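The values are calculated or read from the model by the stated rules, or taken from the named source; none is laboratory data. Computed from a predicted model, the values in this text were never measured in an experiment. Don't worry about glycine lacking a Cβ; one is built from the backbone with ideal geometry, like all the others, and counts go over all protein chains shown. Note: areas computed on protein heavy atoms with side chains; ligands, DNA, RNA excluded. Shrake-Rupley method; radii C 1.70, N 1.55, O 1.52, S 1.80 Å.
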Amino acid sequence: MALEPDQTSVDSITLFVALLCSCIVIGHLLEKNRWFNESITALAIGLCSGIIILLTTEGKRSHILVFNEELFFIYLLPPIIFNA
């Protein structure tokens, strides 16, 4: 069963937002812990989700999350810079 291009983009955006929200919530809950700050939590969640995607696609190239330069430089980079 092949997914339509619109459904694939909705799935990838939903996965991205869910991972971002989980990074923020879990990072905030582990804020008082000495070894697990928000950046380590984000790295661990990213590593776990990457392993899950790799295992579910049976090692084939996955197109669930594709890096889009325009999306990154226009929408994601300015809040990162202004937050710093």
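Laid out as a table, the results:
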quantity: Single match in Val25, Val66, Val10 (criterion: at pLDDT below 80, surrounded by 11 or more Cβ atoms within 10 Å (Cβ to Cβ) and hydrophobic (A, V, I, L, M, F, W, C)); calculated: Val10
quantity: Odd one out for Leu43, checked against (1) modelled with pLDDT under 80; (2) open to solvent by 80 Å² or more (accessible area, probe 1.4 Å); calculated: (1)
quantity: Only listed residue being at pLDDT below 80, touching a helix residue (DSSP H, G or I) at 6+ places or on another chain (Cβ under 6 Å) and open to solvent by 70 Å² or more (accessible area, probe 1.4 Å), chosen from Glu38, Glu31; calculated: Glu38
quantity: Residue list for the range 13-22, filter: surrounded by 14 or more Cβ atoms within 10 Å (Cβ to Cβ) and polar (S, T, N, Q); calculated: Ser22
quantity: Hits in the range 46-61 (condition: in a helix (DSSP H, G or I), open to solvent by 50 Å² or more (accessible area, probe 1.4 Å) and closer than 16 Å to Ser12 by Cβ); calculated: Ile52, Leu54, Thr56
